[in-house]
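**Q** Before I ask anything, let me first share the structure, which is written out below as structure tokens.
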Amino acid sequence: MTKTPEVDAWLDVYDNPMKPVVSAIRDLALAADPRITEAIKWQAPTFVYKGNIASFFPKAKKHASLMFHKGAEIPGSFPNLQGDGKEARTFKVSDLDDLAAKADELTAIFLAWCTMRDDAG
């Protein structure tokens with residue numbers, strides 16, 4: 001798992017009640033697959049592998065929210081990946097217990113993205 005100093009710095013000043021959940025999701029995403037990296041894009045932590053995977057909505061205070069930029073393209077059945085737009089999907093986590101319950105699914109989403117991007121060439 002490779003954490004970047006720019007995301008560390010962003011989290012250091014992130015003043016939000018969801019900070020522990022955002023930090024835990026970050027750990028989960030980076031541990032899901034060693035190919036996944038992170039950066040600050042759109043003023044928020046963003047996970048990257050052969051394109052932007054997902055970014056946090058930093059202003060959400062009742063849940064941690066990840067927007068999967070091309071979530072509609074990720075193969076598989078993921079009940080917590082929500083939305084009906086052409087491309088984006090959202091994954092929301094209300095607290096650390098909720099993350100524990102959804103961790104396997106969220107990990108599978110990140111793995112499915114990496115596999116899909118490798119299969120695409």
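None of the figures in this text is laboratory data; all of them are computed from the coordinates on show. Since the structure is predicted, the reported quantities are computational estimates derived from the model, not experimental observations. Cβ coordinates were reconstructed from backbone atoms using ideal geometry, including for glycine residues, and neighbour counts include every protein chain displayed.
**Q** Restricting attention to segment 65-121, which trypsin sites (Lys or Arg not before Pro) occupy a DSSP loop and are surrounded by at most 12 other Cβ atoms within 10 Å?
**A** Filter output for segment 65-121: Lys86.
**Q** So for the pair Glu6, Ala103, with labels modelled 7 Å out along Cα→Cβ, what separation do we get in nm?
**A** 2.9 nm
**Q** Find out how many positive minus negative residues lie around Val7, taking Lys and Arg as positive, Asp and Glu as negative, among other residues whose Cβ is under 10 Å from that of Val7.
**A** Spelling it out: positives minus negatives among the neighbours equals -2.
**Q** With runs of 4+ DSSP H residues as the only contributors, calculate the mean residue ellipticity of the chain at 222 nm using -39,500 (n - 2.57) per run, divided by the residue total and rounded to the nearest 500.
**A** Value at 222 nm, helices only: -13000 deg cm²/dmol.
**Q** For the pair Val48 and Lys86, what calculated FRET efficiency results from E = 1/(1 + (r/R0)^6), where r is the Cβ-Cβ distance and R0 = 22 Å, to the nearest 0.05?
**A** Using R0 = 22 Å, I get an efficiency of 0.55.
**Q** Using a Förster distance of 22 angstrom, determine the FRET efficiency expected from the C-beta separation of Leu96 and Ile40, and round it to 0.05. Before the final figure, lay out each step's value.
**A** Working: r = 23 Å, r/R0 = 1.07.
With R0 = 22 Å, the Cβ-Cβ based efficiency is 0.40.
**Q** With +1 on the Cβ of every Lys and Arg and -1 on the Cβ of every Asp and Glu, and nothing else charged, how large is the dipole of the chain about its Cα centre, in debye rounded to the nearest 20?
**A** Charge dipole, the chain, about its Cα centre: 320 debye, nearest 20.
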